[in-house]
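Engineer: Dumping the structure here so I can ask a few things about it.
The values are calculated or read from the model by the stated rules, or taken from the named source; none is laboratory data. Remember, it's a predicted structure, so these values are computed and weren't measured experimentally. Cβ placement follows ideal geometry from the backbone for every residue including glycine, while neighbour counts extend to all protein chains displayed.
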Amino acid sequence: MNVEAKDGSPDPSQGAPAATDPDASAERDSSAASGEPTAKGAVSAPGPDGEPRKVSRRFPLFTRDTARPEGGGRAASGDAPAPARQWPLLSVVSLVGLGLFLTALDVFRVGTILIGVALLAGAVMRWWLPRVGMLAVRSRFTDMVTYGGLGLAIVLLSMMAQPNPWLEIPFLDDTLHFTISS
């Protein structure tokens, strides 16, 4: 990848210049005479100084913009009202809100299980639906793992909550008693 300066000379950071054919040197001379920067090889858009930048396979130091996550488009057509376009997110948030309300009414176990089920439903929707609107935050895989892992953890922890747990896992009980007695 050879990048040339405005005067047509090769970029010194590129090492020794590669052999060029006469047609390319004539083209370089004509573009150098017009004052436009030229570049050979793979380059990206011009930088802030107007010079072509070399393409790098490294991630940039600073992110200049972000792309919409896969499946992050509208969940309904554009002529539908805003709530209908974001129904997957609204359904998850509604279930979480209902779970928090039940928890506030002192139905702790059912409320927290509902919160976990809402996150699990978000993971299933992220996997199953092609477009989920603002429920898509990261890549599809990362969203599914995050929503599913957190939802499963919340459901299991709420089923193991004291008093009278619905689910007993012996090694976790032993671990808890060991940490409290130490």
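Engineer: When you go through L167, L114, L89 one by one, which is the residue that is farther than 30 Å from G47 by Cβ, modelled with pLDDT under 95 and in a helix (DSSP H, G or I)?
Structural biologist: Numbers: L167 fails: in a helix (DSSP H, G or I); L114 fails: modelled with pLDDT under 95.
Of the residues listed, the single one that is farther than 30 Å from G47 by Cβ, modelled with pLDDT under 95 and in a helix (DSSP H, G or I) is L89.
Engineer: Next question, about the same structure. Mind listing whichever residues of the range 131-155 are free of Cβ contacts under 8 Å to residues at least 40 places away in the same chain and either surrounded by 12 or more Cβ atoms within 10 Å (Cβ to Cβ) or closer than 24 Å to P83 by Cα (or both)?
Structural biologist: Within the range 131-155, T142, M144, V145, T146, Y147, G148, G149, L150, G151, L152, A153 meet the criteria.
Engineer: Given the options F108, F101, name the one that is surrounded by fewer than 19 Cβ atoms within 10 Å (Cβ to Cβ) and modelled with pLDDT under 95.
Structural biologist: Every option except F108 fails the conditions.
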